[in-house]
Amino acid sequence: QDCALSKLSVVGTIGYESAHVFRGDKKTNSAIQASVEMGYPLGGGNVYVGAWTNQPFDADYNNEIDIYVGYIYPVTDSLKIDGGYMYYWYANGNASPLLRSNELRLGAVYDTSDVLNGVNINPALYYYYDWNNESHTVEASLAYSWDLSDLVGCAGLSLDPKVYVGWLTCGNPMGDLAPIDPVGNWYSGFYYGAKVNLTYKLNDYVSFWGGVRWAGHTWTNEDSSNRQYIWAGMGVNFGL
């Protein structure tokens, strides 16, 4: 018999990003980012729990630690439903009075391999609701992994692009611990972005990656209505 722990999966990453941009909005300058996630099969699907952190080099920015839990269930061989909860913790609170936030999410991910002759572009659609800053977010994305092994003669090398677009409305960006300012705090609008990583899979457990990112947003309450950012990142993934 298989040991129950043999079904447990653990994945993680540690890397450097020259900026931290979240939903089209720049949060910090250069930072170390790390994450770890554990998954376990349950009831025909998979339950997962994990943590992610952004640790900026500049002390004027908030340290961020996110803790999350979720469940993903395969409705069909191609369609999966994903739901969960995220707790955002801004550990030092230097940049704003937003010290913590709570968010629920529900989404769907589709594998297009059967309809696109073996090509999977991973279309995904998610809805997020954060009750502390009174925000609603809808985001759609596409992602692809292009195996470069045969093209360049290097096994384990891939090019991994992703694009996304979202819409959000936020009633109180500073959270419910700060006074609500109906003039300066509320905003809504679109955000968008793209990234591409060059990934080298060393073995079944370790891979290295590096790439560039671009993102921007258009908020209704800003004079500069189309802010955009370009940055880079690199790091290592591990899995057990």
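Worth a mention:
- Taking the numbered list (1) open to solvent by less than 50 Å² (accessible area, probe 1.4 Å); (2) over 24 Å from TYR192 (Cα atoms); (3) of a type outside the set (Val, Ile, Thr) in turn, MET38 passes all entries but (1).
- Every residue from segment 89-143 that is modelled with pLDDT of 95 or more and touching a Pro at 6+ places or on another chain (Cβ under 8 Å): VAL109, TYR110, THR112, ALA140, SER141, LEU142, ALA143
- Within segment 193-227, the set of residues being over 17 Å from GLY24 (Cβ atoms) and open to solvent by less than 50 Å² (accessible area, probe 1.4 Å) comprises VAL196, ASN197, THR199, VAL206, SER207, TRP209, GLY210, GLY211.
- When residues of segment 1-15 are limited to those that are over 17 Å from the mean Cα position of the chain (by Cα) and not charged (D, E, K, R), the one surrounded by the fewest Cβ atoms within 10 Å (Cβ to Cβ): GLN1
- Counted residues, segment 124-139 - those being under 15 Å from the mean Cα position of the chain (by Cα) and open to solvent by less than 40 Å² (accessible area, probe 1.4 Å): 5
- One residue stands out among those in segment 147-174 that are part of a loop (DSSP other than H, G, I, E, B) and in contact with a helix residue (DSSP H, G or I) (Cβ under 8 Å, 6 or more places away or on another chain): the one that is surrounded by the fewest Cβ atoms within 10 Å (Cβ to Cβ), which is ALA155.
- For segment 47-58, the set of residues classified as part of a strand (DSSP E or B), surrounded by fewer than 17 Cβ atoms within 10 Å (Cβ to Cβ) and of a type in the set (A, V, I, L, M, F, W, C) consists of VAL47, VAL49, ALA51, listed by residue number.
- In segment 228-240, residue farthest from ASP147 (Cα to Cα) [restricted to those that are buried (at least 16 other Cβ atoms within 10 Å of the Cβ) and not hydrophobic (A, V, I, L, M, F, W, C)]: TYR229
So that you can scan it fast, the table gives a plain yes or no per residue for (1) exposed (fewer than 14 other Cβ atoms within 10 Å of the Cβ); (2) more than 25 Å from ASN197 (Cβ to Cβ):
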site	(1), (2)
GLU17	no, no
SER30	no, no
LEU42	yes, yes
GLY45	no, yes
ASP60	yes, yes
PRO74	no, yes
ASP77	yes, yes
LYS80	no, no
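- Of the listed requirements (1) touching a Leu at 6+ places or on another chain (Cβ under 9 Å); (2) within 23 Å of GLY175 (Cα to Cα); (3) assigned to a strand (DSSP E or B), ASN62 misses just one: (3).
- Contact annotation: residue pairs with Cβ atoms under 7 Å, 6 or more positions apart or on different chains, pairing a residue in segment 48-65 that is closer than 13 Å to LYS26 by Cβ with a partner that is open to solvent by less than 20 Å² (accessible area, probe 1.4 Å) and hydrophobic (A, V, I, L, M, F, W, C), are ASN54/ALA31; PRO56/ALA31.
The values are calculated or read from the model by the stated rules, or taken from the named source; none is laboratory data. Model, not experiment: these values are computed from the prediction. Here the Cβ is made from the backbone with ideal geometry for all residues, glycine too, and neighbour counts use every protein chain on show. Side chains included, ligands, DNA and RNA excluded: accessible areas come from the protein's heavy atoms. Shrake-Rupley method; radii C 1.70, N 1.55, O 1.52, S 1.80 Å.
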